[in-house]
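Scroll down for the structure; my scribbles are underneath it.
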Amino acid sequence: MTGGWLRIYAITYLVFLYLPVILLPMFAFNDGTVIAFPLQGFTTEWFVQLAGIEALHGALLNSVIIALTTASLSVVLGICAARASTRFTFPFKAPIMGAIMVPLVLPEIIVAVSLLVVVVQVLNLPLSAWTVIAGHTLICTPFAIAILSSAFQGLDQSLEEAAIDLGETRWEAFKNIILPLVAPGIVASFLICFTISLDEFIIAFFLTGAEPTLPVYIWGQLRFPTKIPAVMALGTLMLVASLIILSVAEFYRRRGVARVGGKDSGGFL
Amino acid sequence: MNSEARRGLLLISPTAVYVLLLLAAPLAAVVAFSFWTQDFLTIDRTLTLDNYREAFTDPIYRVLMIRSLIISGVVTVVTVVLAFPIAYFVSFYVPPERKALWIFLITIPFWTSYLLRVFLWKVILGFNGVLNSGLLGLGVIDEPITFILYNANAVVITLAHAFAPFTILPIYVALEKIDRSLIEASRDLGENRVTTFFRVTLPLAMPGVIAAVLIVFIPTIGDYVTPRLVGGPNGLMISNMIQTQFLKLNNAPMGATLAVLAMCAVTAISLIFVFFNRRYLR
Amino acid sequence: MSIISLQDIHKYYGDYHALRGINCEIGEGEFFSLLGPSGCGKTTLLRVIGGFEDVSSGAVILGGQNMAGVPANKRPTNMVFQSYAIFPHLSVAQNVGYGLRKARLSKAEQDAKVTEALEMVGLSGYGARAAHALSGGQRQRVALARALILKPKVLLLDEPLSALDKKMREQMQTELRRLQRQVGITFILVTHDQEEALIMSDRIAVMFEGEIAQVAAPQELYRRPVNRRVGEFIGVMNFLDARHIEGADGKVRFDIHGLGKAVIEPANLPQGARAYAPVVGLRPEALSLIYEGDAPPGKRMAEGDVADLSYYGDMTYYEVLLDGMTDPVTISMKNLASRPVLERGARTRVTWDEGSLVVFGA
């Protein structure tokens, strides 16, 4: 195999990428309150402790509800936009699609403060889970569109016409042919949006109401050194959960590729 | 307008309306606020450039803005330069059936809680952190090195890590699109490995590089977690000031002004960058 | 009795005039082809008949009913798509039976129909297979069975053979023809392959730039193209300048450049061609080389040099530059042991069949 130096560099780079990820479980199982080397010994105490923190449970539940709502909204909005952009031509298509994809590159703090200004100063409404959902949906929808567009793009338009030719209405053809074929893309985009929302901090920090989300809760805990081992345990659990969700998303994406008889060409990101 | 166009517009309308109401309108509100002033809790809606005057004259804002742009620029260069060889390696040297696995490996760390990743860099770079204890243990250094935490260096390292997948993926996609016979053709026409890279591979990969640069540079300006956790007083950026204005000082107009200025600066730099690279984007 | 009547159909895409006044009658049980180069509007016309495109003006009458406002799913037509459009997430049997869902049949009746349809296209026993695991030829058959199971009045086929390799294409050509005779349904085939159209069709409409240039049975189309363009598109044709000579005996004579004088069959004369200097067309097989021992050709003889030749095994196509001409003519000869293949540069004598001459306006 060629690329000897590149290979060494690639492995070094992977070490750099994984350095914090490896430390996370190390300190989560470390029997010591100080986050530093040398490690003290093995314990599962921090995980046990997590079960007793009620504020944490509230934040987790809050985050999950927000993430589920965000993912549902983003996927519905994403289906509309992805389907419209891949199937139809209409006036002002490029600027409209461009505007919808803007949150992908917009600094999150801009999204956060602009929504904050409108909600608090202009509309004079209280901050709540809904304000966080509004912000998260804004940044998740472009991700959903990116995944769904490739799912819709791969479809032969004559499949839909064939269904109509065989007696179905437009809606029936969409429901019976198009939706089943893009279902894996829908599942994958739902899971990605769910994960992004669950982990998002900047927007949540600005827009969260009395009930904090999980990342906002963690942010608060980071100030107290004694709370950090438990946070490490929590982070480990979240990483495992993320990996499971992403593996499921990847599985569905691949099944989608196989279902339409296409060739696999890498991951979904 | 024909029926196809009407159907398309109807279908796009929910998403478009959502963006209009929750992004375009709020952005417009931010711009409006930047021309207003606030006295305690009452907003004075007379249009004025006072905020902008203050933003340009008060050295604290100027220092923060310039520092933010410099840090973002350095982060962008470091991240892209570090990421390009990885994308190149995966695209050109990893066998096709293992490519998906490599990409998956590269994206996994990205799914760790963002806050905790930043926090763990603090642990790694700290006075008695992982790096220092490791280097001390190996006898490479005699006393802990301190220039890597609570300053701009720490911010650069941490952000270069956070944005790694966002840079590797677009470059990788651009490299994957290159027809391999183009490289063989270049070799056939007398170029060696290195000159082929600079005359064929790199120009064709530029759209990916440009995308990567924008994907890192623009959001980096808006980050305030990393500067807060690892930046120390000299590593703070404009977003920390925006956050302070909004949430602590309760001066939304000034925060809005800084946000607008940050946005304009980033957009202007991005446009200039794209303009100078426009020949690659045809 | 015509099943389809197309009446002055126009179709615009923005400023682009895709169909420019199509008028055509297609008979019941006919195998009808729309033939033309890409971009001539043949696929658009097929999609107009199927209801996938609306017309800008004009009418599609199908079985006596005006189809204006009738959507594709309500029309008595079914389509075989160029890509076949086999639903990849369904089995072969589910694909074939897809259109029966609205037919209010019992499960057993549906199954029987599916089995029958699969048998008809030679895919008995394939029902349980996954659709995406099929070969190109099998997909084609599934698409046919799926469309024919609904017993449409008209089956529309959009370049159905273009994705197949040469051998498979030839096999499917005969099979499609057989199937059409068996079911007796009107088939309308879109193709850019003139050979395919000649082999399969009862009648062919040749289209250029959104207009029908000629509608005729294959033999008529080949023998008497209405203009140079049709003559060129269907097979090979030599075009020679000619001058009209008024004979004292009332017969129509031409002096053909490079060949000499010829008497023209009245049927091969278009209206008004006498008025000016015409062009005559001659197929390669209407010209022949004269070998030693061949019967003397009489007056119809010219001489020239072999400029180039293409050897096809059964046939040889010669490019012969006749004396006094600037462009060579194409002559096809069967290869027989008694007729050795000439070499480039050889001197040869040429004769032609007077009855095969076609006269064009100019």
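The values are calculated or read from the model by the stated rules, or taken from the named source; none is laboratory data. In this text the structure is predicted, and so the values were computed from the model without any measurement. All Cβ positions, even for glycine, are placed from backbone atoms using ideal geometry, and neighbour counts span all protein chains on display. With ligands, DNA and RNA removed, areas are computed over all heavy atoms of the protein, side chains included. Shrake-Rupley method; radii C 1.70, N 1.55, O 1.52, S 1.80 Å.
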Looking only at the range B:84-101, count how many residues are more than 8 Å from every other protein chain (Cβ to nearest Cβ) and under 22 Å from B:ALA211 (Cα atoms). 3
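Check the range B:50-57 and report whether any residue there is out of contact with any Phe, Trp or Tyr (no Cβ under 6 Å at 6 or more places or on another chain), open to solvent by less than 60 Å² (accessible area, probe 1.4 Å) and more than 7 Å from chain A (Cβ to nearest Cβ).
So far as the range B:50-57 goes, yes, one or more of its residues are out of contact with any Phe, Trp or Tyr (no Cβ under 6 Å at 6 or more places or on another chain), open to solvent by less than 60 Å² (accessible area, probe 1.4 Å) and more than 7 Å from chain A (Cβ to nearest Cβ).
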Could you go through the range B:156-176 and let me know if any residue there is closer than 29 Å to B:VAL63 by Cβ and open to solvent by 80 Å² or more (accessible area, probe 1.4 Å). no
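Just to be sure, is B:GLY190 in a helix (DSSP H, G or I), loosely packed, with under 12 Cβ neighbours inside 10 Å and of a type outside the set (Asp, Glu)?
So B:GLY190 fails the test.
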Of the residues in the range C:78-107, those that are surrounded by fewer than 15 Cβ atoms within 10 Å (Cβ to Cβ) and polar (S, T, N, Q) come to C:SER106
Checklist (1) surrounded by fewer than 17 Cβ atoms within 10 Å (Cβ to Cβ); (2) touching a residue at least 60 places away in the same chain (Cβ under 8 Å); (3) small (Gly, Ala, Ser) applied to A:ALA59, failing item: (1)
Residue among A:ALA129, A:ALA134, A:ALA144 that alone is open to solvent by 10 Å² or more (accessible area, probe 1.4 Å), modelled with pLDDT of 90 or more and either closer than 19 Å to B:GLY222 by Cα or not hydroxyl-bearing (Ser, Thr, Tyr) (or both): A:ALA134
Could you please find all residues in the range C:1-23 being buried (at least 19 other Cβ atoms within 10 Å of the Cβ) and over 11 Å from C:GLY210 (Cα atoms)? C:ILE3, C:ILE4, C:LEU6
Would you mention how many residues in the range C:142-194 are at positive phi, in contact (Cβ under 8 Å) with a residue 40 or more places away in the chain and surrounded by fewer than 20 Cβ atoms within 10 Å (Cβ to Cβ)? 1
Being within 21 Å of A:PRO215 (Cβ to Cβ) and either outside any helix (DSSP H, G or I) or free of Cβ contacts under 8 Å to residues at least 24 places away in the same chain (or both) is the filter; apply it to the range A:34-56 and report the residue that is most open to solvent (accessible area, probe 1.4 Å). A:GLU54
Tell me, which helices (runs of 4 or more DSSP H) wholly within the range A:125-188 include 1 or more residues that are of a type in the set (Val, Ile, Thr) and more than 17 Å from the chain's Cα centre (by Cα)? A:129-153, A:157-165
If we keep only residues of the range C:50-77 that are in contact with a strand residue (DSSP E or B) (Cβ under 6 Å, 6 or more places away or on another chain) and polar (S, T, N, Q), then the residue most open to solvent (accessible area, probe 1.4 Å) is C:ASN66
Screening A:VAL182, A:VAL187 for residues that are touching a residue at least 24 places away in the same chain (Cβ under 8 Å), closer than 16 Å to C:LEU90 by Cα and of a type outside the set (Ser, Thr, Tyr) leaves only A:VAL182
From the list B:VAL30, B:VAL19, B:VAL77, which one is more than 30 Å from A:PHE88 (Cβ to Cβ), surrounded by 14 or more Cβ atoms within 10 Å (Cβ to Cβ) and within 9 Å of chain A (Cβ to nearest Cβ)? B:VAL30
Counting just the residues of the range C:195-225 that are among the polar types (S, T, N, Q) and open to solvent by less than 50 Å² (accessible area, probe 1.4 Å), which one comes out nearest to the chain's Cα centre (by Cα)? C:SER201
Residue check for A:ILE109: within 7 Å of another protein chain (Cβ to nearest Cβ), within 18 Å of the chain's Cα centre (by Cα) and open to solvent by less than 10 Å² (accessible area, probe 1.4 Å): yes
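On the basis of being more than 14 Å from chain A (Cβ to nearest Cβ) and within 22 Å of the chain's Cα centre (by Cα), does C:ILE49 make the cut?
Judged against the criteria, C:ILE49 is not a match.
Filter the range A:19-33 down to the residues that are open to solvent by 40 Å² or more (accessible area, probe 1.4 Å) and either in a helix (DSSP H, G or I) or at the interface with chain B (Cβ under 7 Å from one of its Cβ atoms) (or both) and list them by number.
A:LEU19, A:ILE22, A:PRO25, A:MET26
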Check on B:ILE171, at pLDDT below 80 and either under 26 Å from the mean Cα position of the chain (by Cα) or of a type in the set (Ser, Thr, Tyr) (or both): no
Do any helices (runs of 4 or more DSSP H) lying entirely in the range B:106-171 carry at least 1 residues that are touching a residue at least 60 places away in the same chain (Cβ under 8 Å) and out of contact with any Gly (no Cβ under 6 Å at 6 or more places or on another chain), and which ones are they? B:114-125, B:152-162
Consider the range B:109-128. How many of its residues are more than 7 Å from every other protein chain (Cβ to nearest Cβ) and open to solvent by less than 30 Å² (accessible area, probe 1.4 Å)? 3
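Check B:ILE242, B:ILE210, B:ILE218 and return the single one that is open to solvent by less than 10 Å² (accessible area, probe 1.4 Å), hydrophobic (A, V, I, L, M, F, W, C) and free of Cβ contacts under 8 Å to residues at least 60 places away in the same chain.
Details: B:ILE210 fails: free of Cβ contacts under 8 Å to residues at least 60 places away in the same chain; B:ILE218 fails: open to solvent by less than 10 Å² (accessible area, probe 1.4 Å).
The match here is B:ILE242.
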Please tell me if A:ILE8 is free of Cβ contacts under 8 Å to residues at least 40 places away in the same chain, open to solvent by 20 Å² or more (accessible area, probe 1.4 Å) and farther than 23 Å from A:GLY209 by Cα. yes
